[in-house]
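Sharing a structure below in structure tokens format, with a few things to ask.
The values are calculated or read from the model by the stated rules, or taken from the named source; none is laboratory data. Everything numeric here is computed off the predicted structure, so don't read it as measured data. Here the Cβ positions follow ideal geometry from the backbone for every residue, glycine too, while neighbour counts run over all protein chains shown. All accessible areas refer to the heavy atoms of the entire protein, side chains included, with ligands and DNA or RNA removed. Shrake-Rupley method; radii C 1.70, N 1.55, O 1.52, S 1.80 Å.
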Amino acid sequence: MSASPLRHLGDSLADLDRRGLLRQRPEPVDRPPVDAMLHLCSNDYLGYRATGRLDGYARAAVAEHPTGAGASRLVAGEHAAHGSLERVLARWLGVEETIVFTSGYAANVGAIAALAMEGDVIVSDALNHASIIDGCRLSDARCVVVPHNGLEAIREALRSTKARRRWVVTESYFSMEGDSPNLAALRGICDELDAVLIVDEAHALGALGAFVAGSAELCRYLWNRARSFVFSTGLSPLLAAVAEGAVEQAWADDLGRSRLQQVSERLRAGLAAHGVVVANRRGAILPVVLGTEAAALGWSRALREQGVLVQAIRPPTVPAGTARLRVTARADLSDDDVGRAVDAFGKVASTRVI
Ligand SMILES: Cc1ncc(COP(=O)(O)O)c(C=O)c1O
């Protein structure tokens with residue numbers, strides 16, 4: 001019998017393992033022992049998952065909405081819950097219309113690839129999320145990658161191109177860096193040089209990243225041209241109804257936002273007091289850049305022994321040589337939780353080289 005035509009997969013996995021880059025299926029976060037740990041690596045910034053605040057919406061939705069859409073929304077999968085969620089999102093954001101995809105990944109890939117065409121240029125931040133990069137790759141446009149948050153590089157790239165249409169794509173709060181471009185200045189540059197600005201809000205708007213907001217014409221275009229929307233079964237109507245509840249909660253949740261800011265600041269100050277360098281100054285994402293994969297994995301393991309869950313983030317999620325812990329705050333964390341987290345970091349920092 002001949003050798004398996006898939007034998008290279010094993011070689012590839014062995015190579016990742018040698019380089020400290022192999023990912024394993026993690027233990028479930030809702031089962032022992034992980035459920036009892038203090039979780040500091042989620043996107044649940046307002047704490048709705050952790051506190052079960054949306055469970056009531058889910059129970060109500062079960063009675064009224066089917067679990068699956070049944071088909072692409074354009075075929076026979078359009079349900080009342082979809083339009084209802086899209087209208088609430090549009091009212092919240094003050095835009096004409098929104099279009100909900102099944103995930104943020106699908107929204108970025110579908111929208112960017114549908115909008116940017118042959119003969120266009122996309123100016124893309126070097127640290128944009130993989131879903132943005134894949135959207136650029138799938139489009140027929142030429143992509144110019146500019147240094148992270150480099151406004152002058154964006155201006156130069158737009159100035160020096162003769163492309164028919166120009167697009168600039170960035171994130172409003174970068175998921176691994178916890179920093180932001182100067183959006184007002186960027187808006188000015190795009191207006192001046194006739195470029196369309198696409199901003200991924202996945203980590204700014206409370207991890208509700210799976211939609212595109214804009215004009216009615218833009219949304220109508222995506223209904224026709226975004227392949228990850230047209231050729232994919234619609235979002236579960238049950239989930240759409242729960243998401244609508246999440247939007248209503250988040251819209252009104254100024255208290256949650258101010259608590260999130262307080263928790264972030266206390267964590268940041270607590271880590272700094274133990275000599276742990278946090279690479280940014282604001283927001284709910286606190287990157288602790290450690291460099292090597294081994295260092296990030298070692299810190300993650302040591303924190304876990306202290307009952308704190310912070311997964312190591314390694315390339316290709318972040319650039320080579322910048323493996324890190326991505327510590328995230330949540331609005332529902334108590335002062336005791338913050339104290340526990342800071343103490344755990346203190347213990348680990350005292351036994352490891354920072
Ligand atoms: C900036 C950014 N955009 C898009 C996504 C993808 O969103 P989703 O998880 O809904 O697919 C993520 C992360 O998951 C992200 O960090």
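How much of the DSSP bridge set in the chain is antiparallel, in percent, rounded to the nearest 5?
Numbers: 13 of 30 bridges.
Here the share of antiparallel DSSP bridges comes out near 45 percent.
In addition: On full extension of the chain, what length is gained from D336 through E78, given 0.36 nm per residue of separation minus the C-alpha to C-alpha distance? Kindly include the intermediate steps, with their values, before the conclusion.
Working: separation 258, 0.36 × 258 = 92.88 nm, distance 4.59 nm.
Residue separation times 0.36 nm, minus the Cα-Cα distance, leaves 88.3 nm.
What ³J(HN,Hα) values, in whole Hz, does the Karplus curve 6.51 cos²θ - 1.76 cosθ + 1.60 give for the range 288-300 when θ = phi - 60°, with x put for Gly and Pro?
Taking θ as phi minus 60°, the curve returns 10, 7, 10, x, 8, 4, 5, 5, 5, 5, x, 5, 4 Hz for the range 288-300.
Could you tell me what a quarter of the Cα convex hull surface of the range 91-216 works out to, in nm² with one decimal place?
Working: hull surface 28.9 nm².
If you wrap the Cα atoms of the range 91-216 in a convex hull and average its projections, you get 7.2 nm².
Using a probe radius of 1.4 Å on heavy atoms only, what accessible surface per residue do you get for the range 49-165? Whole Å² is fine. Display every interim value, and only then the final one.
Working: 5960 Å² over 117 residues.
The answer is 51 Å² per residue.
Could you go through the range 157-173 in sequence order and give the Karplus-derived ³J(HN,Hα) for each residue, using 6.51 cos²θ - 1.76 cosθ + 1.60 with θ = phi - 60°, rounded to whole Hz, and x for Gly and Pro?
Ordered by residue, 3J(HN,Hα) equals 4, 6, 5, 8, 9, 9, 4, 5, 10, 10, 10, 10, 10, 8, 10, 7, 8 Hz.
Going from the alpha-carbon gyration tensor of the range 183-233, what semi-axes, largest first and in whole Å, does one get by taking the root of 5 times each eigenvalue?
Numbers: eigenvalues 116, 55, 13 Å².
Semi-axes (√(5λ), whole Å): 24, 17, 8.
Might you report the magnitude of the Cβ-based charge dipole of the range 178-244 about its Cα centre, with Lys and Arg at +1 and Asp and Glu at -1, to the nearest 20 debye? Each step should come with its number before you reach the end.
Values: 4 positive and 8 negative charges, 74 e Å.
In total the dipole reaches around 360 debye.
Can I ask one more? Please list the radius of gyration and Dmax for the range 279-322, considering alpha-carbon atoms only, with Å as the unit.
Expressed in Å, the Cα Rg and Dmax of the range 279-322 come to 11.0, 28.
Using the Cα atoms as the points, what is the convex hull volume per residue of the range 1-115 in Å³?
Numbers: hull volume 32.3 nm³, N = 115.
About 281 Å³ per residue, rounded to a whole number.
Something else: Would you mind telling me the share, in percent, of accessible area of the chain contributed by carbon and sulfur at probe 1.4 angstrom?
Exposed carbon and sulfur together represent 54 percent of the surface.
Name the long-range amide H neighbours of V123: under 5 Å, sequence gap of 5 or more, or other chain; modelled H, no Pro or chain starts.
Hits under the 5 Å cutoff: V144, W167, V168, V169.
Can you give the net charge of the other residues whose Cβ lies under 11 Å from the Cβ of Y57, counting K and R as +1 and D and E as -1?
It works out to a net charge of -2.
Looking only at Cα atoms, what is the convex hull volume of the range 173-303 per residue, in Å³?
Values: hull volume 26.3 nm³, N = 131.
For the range 173-303, the hull spanned by Cα atoms encloses 201 Å³ per residue.
Full extension from R91 to A269: what is 0.36 nm times the residue separation minus their Cα-Cα distance, to one decimal in nm? Please report the intermediate quantities before stating the final value.
Values: separation 178, 0.36 × 178 = 64.08 nm, distance 3.69 nm.
This chain segment gains 60.4 nm when fully extended.
Let me ask you something else. Per 10 Å bin, what percent of the C-alpha pairs of the chain does each bin hold, from zero upward?
5, 21, 29, 27, 16, 3, 0
With a point put 7 Å past each Cα toward its Cβ, work out how far L6 is from D254 in nm, to one decimal.
Taking the two extended label points, one gets 5.6 nm.
Right, next: At q = 0.14, 0.19, 0.21, 0.30 Å⁻¹, what log₁₀ I(q)/I(0) does a Debye calculation on the Cα points of the range 145-200 give, no solvent, two decimals?
The Debye formula, applied to the Cα set alone, gives -0.34, -0.62, -0.75, -1.41.
Which three extents, in angstrom, do the Cα atoms of the range 111-184 have along their principal axes, listed largest first?
33, 25, 18
May I ask for the net charge around R330, where only other residues with Cβ less than 10 Å from the Cβ of R330 are counted and Lys, Arg are +1 while Asp, Glu are -1?
Numbers: positive: R49, R259; negative: D44, D332, D337.
The answer is -1.
Per residue of the range 325-335, in order, report the coupling 6.51 cos²θ - 1.76 cosθ + 1.60 (Karplus, θ = phi - 60°) as ³J(HN,Hα) in whole Hz, putting x for Gly and Pro.
Along the range 325-335, the couplings run 9, 10, 8, 10, 8, 9, 5, 8, 5, 7, 4 Hz.
Oh, and also: Could I have the simple spin-label model distance between F231 and A320, label points 7 Å from Cα toward Cβ, reported in nm to one decimal?
A separation of 3.3 nm, rounded to one decimal place.
With each label point set 7 Å from Cα along the Cα-Cβ vector, what nm distance links E118 and N224?
About 1.9 nm, to one decimal.
While we're looking at this one, here's another question. When the chain is modelled as a GNM with alpha-carbon springs shorter than 10 Å, which of T292, T328, T98 fluctuates the most?
T292
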